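Computed from the coordinates by the stated procedures, all read-outs in this text should not be read as laboratory data. Here the structure is a predicted model, which is why all the values come from computation and not from measurement. Cβ sites come from the backbone with ideal geometry, for glycine too, and all protein chains shown count toward neighbours.
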Amino acid sequence: MGRDKILVIGANGQLGCVLSVALQESFGKENVILSDIKPNPFFESHFKQIDAMDYNQIEDVVKKHSITQIYHLAAILSAKGERYPLRTWELNMKMMLNVFEVARKLRVSKVFFPSSIAVFGKNVARSKATQSSLLNPATVYGISKAAGENWMKYYFDQYRLDVRSLRYPGIVGYESMPGGGTTDYAVEIYHSAVKNEKYICCLNPDTKLPLIYMDDAIRATIEIMQIPKDNISVRTSYNLASMSLSPIEIATEIQKLYPSFKVEYSTDHRQDIAATWPSEIDDQKARKDWNWQSKYDLNQMTKLMLNQLKKKYKKINN
Ligand code: SER
């Protein structure tokens with residue numbers, strides 16, 4: 001894939017650690033620099049400790065390694081963000097603007113910045129959020145992503161900085177744990193099932209939310225970064241859809257393989273956040289601009305999650 005040199009910021013996160021491996025496979029380990037605020041023993045080589053709040057630390061790595069693409073994944077998510085609203089705003093905005101400024105000044109050719117279903121709020125029909133639905137987020141995380149979308153458009157319009165973005169649904173994968181999100185339950189529930197533990201779910205059983213299996217999320221990310229610049233018609237962030245699921249639907253699917261698995265429902269502030277998000281996403285634009293289509297459904301995802309986690313726990317316990 002040419003002479004691309006990639007920097008991943010937030011490589012230790014739920015999406016980051018899986019995307020980093022996928023990028024290393026596509027571009028070669030030596031062409032992908034991974035970074036996070038904390039060291040990661042899993043990524044011994046090609047890893048730099050970067051605090052993205054510090055502009056100079058990002059600039060140094062981009063200069064030193066002649067970086068041509070940045071994937072900026074570091075952020076505080078929806079549920080955790082509500083505990084520290086001002087700090088979340090400060091961190092999410094400053095890290096993002098540091099990345100955009102470094103990219104603009106050093107002429108980085110492409111940047112990926114993730115957005116989220118959290119940009120939508122209460123007035124959007126829960127049944128289907130369209131690409132142009134009103135953005136009226138109810139969380140600081142959502143506000144920072146909606147602002148980020150406008151900044152992406154600004155950097156493109158003013159400086160032709162090619163920033164690309166997806167509004168991710170909640171991501172479900174066995175490789176990594178999410179942290180601080182409202183959709184974290186959709187990963188945790190599988191871990192409890194495999195460990196033969198009862199799962200206490202923080203959402204109501206029938207709260208449907210947009211979810212996507214990790215492999216689909218990774219493929220969508222790599223695809224959007226590969227398509228020709230002129231095919232990108234959305235310079236804010238693309239709606240991305242896959243499944244629309246509730247906790248009870250996932251639990252019922254798990255019980256087909258783990259019949260004694262039990263879930264107890266005990267809602268907290270995450271239920272209030274989920275109630276402001278759409279249950280379904282209309283992703284026509286992504287389908288049109290690069291033929292996006294998700295591949296995994298609930299049945300396939302559940303089989304994969306349970307099988308892979310079973311192997312993982314067996315290894316740990318041996
Ligand atoms: N999964 C994220 C969260 O729950 C949404 O982008 O905060």
Across the range 83-101, what is the number of residues that are charged (D, E, K, R) and within 21 Å of LEU15 (Cα to Cα)?
1
If a residue has to be in contact with a strand residue (DSSP E or B) (Cβ under 6 Å, 6 or more places away or on another chain) and over 18 Å from PHE100 (Cα atoms) to count, how many in the range 124-165 make the cut?
2
May I ask you to list the residues in the range 193-217 that are surrounded by fewer than 20 Cβ atoms within 10 Å (Cβ to Cβ) and assigned to a helix (DSSP H, G or I)?
ASP215
How many of the residues in the range 114-129 are within 16 Å of the ligand (Cβ to nearest atom) and within 21 Å of the chain's Cα centre (by Cα)?
10
Look through GLY148, GLY142 and report the one residue that is near the ligand (Cβ under 9 Å from one of its atoms) and in contact with a Phe, Trp or Tyr (Cβ under 9 Å, 6 or more places away or on another chain).
GLY142
Go through the range 14-29 and give me each residue that's in contact with a Lys or Arg (Cβ under 9 Å, 6 or more places away or on another chain) and under 19 Å from SER109 (Cα atoms).
PHE27
Selection count, the range 179-192, where residues are under 17 Å from ILE273 (Cβ atoms) and surrounded by 21 or more Cβ atoms within 10 Å (Cβ to Cβ):
7
All but one of (1) crowded, with 23+ Cβ neighbours inside 10 Å; (2) over 30 Å from ILE316 (Cβ atoms); (3) within 15 Å of the ligand (Cβ to nearest atom) hold for VAL111, so report the exception by its number.
(3)
Please enumerate the residues belonging to the range 246-275 that are among the hydrophobic types (A, V, I, L, M, F, W, C) and more than 21 Å from LYS122 (Cβ to Cβ).
ILE248, ILE250, ALA251, ILE254, LEU257, PHE261, VAL263
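Evaluate the range 159-167: report whether one residue or more is farther than 22 Å from ALA275 by Cβ and assigned to a helix (DSSP H, G or I).
Yes, the range 159-167 has at least one match.
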Hey, ASP297 hits all of (1) surrounded by 14 or more Cβ atoms within 10 Å (Cβ to Cβ); (2) within 20 Å of the chain's Cα centre (by Cα) but one; which does it fall short on?
(1)
Answer residue from the range 59-86, given it is within 16 Å of the ligand (Cβ to nearest atom) and of a type in the set (Lys, Arg) and is nearest to TYR141 (Cα to Cα) among those
LYS80
Filtered residues of the range 175-225 (kept if acidic (Asp, Glu) and away from the ligand (no atom under 14 Å from the Cβ))
GLU175, GLU197, ASP206, ASP215, ASP216, GLU223
Kindly evaluate ALA74 against the criterion of being closer than 18 Å to ARG104 by Cβ and crowded, with 17+ Cβ neighbours inside 10 Å.
no
Taking the range 129-158 and keeping only residues that are surrounded by 15 or more Cβ atoms within 10 Å (Cβ to Cβ), of a type in the set (D, E, K, R) and out of contact with any helix residue (DSSP H, G or I) (no Cβ under 8 Å at 6 or more places or on another chain), one is left with LYS153
